[in-house]
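Asks: Shown below is the structure under consideration.
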Amino acid sequence: MSNPSSRVDTASRIIHAAPEEVYSAFIHPEKLMIWLPPEGMTGSIDAFDAREGGMYKMTLTYHDLDETTSGKSSDNTDVVQAEFLTIIPNHKIVQAIIFDSEDPAFAGKMIQTWLFEPFSEGTKVNIICENVPEGIRKEDHDEGLRSTLENLAEFMEDRPV
């Protein structure tokens, strides 16, 4: 296994919904599957147990691959397993993310923290990714985080009231 990375990637966005609504979109697998995959990907939940010490396993499938993109687990998929390290309802979720890959550039645990802060317009969602594997290009990860937050915003704003 390669040495853990010290890279930290972050993203944030205002979501026009209350923190408890945003939190709910995260801990229900049927909701998470809709908004979490970045643009150009779809997701399927293979296992889900939303509690501290619980985990989920998700398969993300790329639709259009180009010369700079390939899956970590197969040619067109990323299989990720996330362990819930900390869950503070409506405020914070910390997970250890492990990519299913034989490539040592994707080895190790990425720690991903989601913070939900009440804000005048709804909720400020902050994502902090620590120990980002060296195989994940920073530009791609930044784009993926932004895309995921955009998906979350659209999902929350399109929901029935």
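Values in this text are rule-based calculations from the coordinates and carry no lab data. Note that this is a predicted model, so its numbers are computed, not measured. For neighbour counting, all protein chains shown are included, and Cβ atoms are generated from backbone atoms with ideal geometry for every residue, glycine included.
Asks: If we count every other residue with Cβ under 14 angstrom of I111's Cβ, Lys/Arg +1 and Asp/Glu -1, where does the sum land?
Replies: On the way: positive: R7, K92, K109; negative: D9, E83, E130.
It works out to a net charge of 0.
Asks: Using modelled amide H (1.01 Å from N, peptide plane; none on Pro or chain starts), what sits under 5 Å from the amide H of K124, excluding residues fewer than 5 places away?
Replies: I15, E117, F119
Asks: Expressed in whole Å with the largest first, what are the equivalent ellipsoid semi-axes of region 8-158 derived from the C-alpha gyration tensor as the square root of 5 times each eigenvalue?
Replies: Semi-axis lengths for region 8-158 are 24, 17, 15 Å.
Asks: Right, next: Taking 0.36 nm per residue of sequence separation and subtracting the Cα-Cα distance, how much length would be gained by fully extending the chain between H63 and V8, in nm to one decimal?
Replies: Net length gain for the segment: 17.1 nm.
Asks: Further question on the same structure: Would you kindly derive the ³J(HN,Hα) couplings of region 126-143 from the backbone phi angles with the Karplus curve 6.51 cos²θ - 1.76 cosθ + 1.60 (θ = phi - 60°), listing them in order in whole Hz, with x for Gly and Pro?
Replies: Per residue, the Karplus-derived 3J(HN,Hα) values read 10, 10, 10, 10, 10, 6, 5, x, 4, x, 8, 5, 4, 4, 5, 5, 4, 5 Hz.
Asks: Show log10 I(q)/I(0) for region 85-161 at q = 0.20, 0.24 Å⁻¹, two decimals, from a solvent-free Debye sum over equal Cα scatterers.
Replies: For region 85-161, the Cα-only Debye profile gives -1.00, -1.21.
Asks: Looking at region 85-161, which GluC sites (Glu not before Pro) are in a loop (DSSP not H, G, I, E or B) and have at most 11 other Cβ atoms within 10 Å?
Replies: E102, E121
Asks: Next question, about the same structure. Could you give me the ³J(HN,Hα) list for region 144-149, computed from phi with Karplus coefficients 6.51, -1.76, 1.60 and θ = phi - 60°, whole Hz, x at Gly and Pro?
Replies: After applying 6.51 cos²θ - 1.76 cosθ + 1.60, I find x, 5, 4, 5, 4, 5 Hz.
Asks: Additional query: Which of the lysines could be linked to K31 by a straight reach, that is with a Cα gap under 22 Å, when you skip same-chain ones fewer than 8 residues away?
Replies: Within reach: K57, K92, K124.
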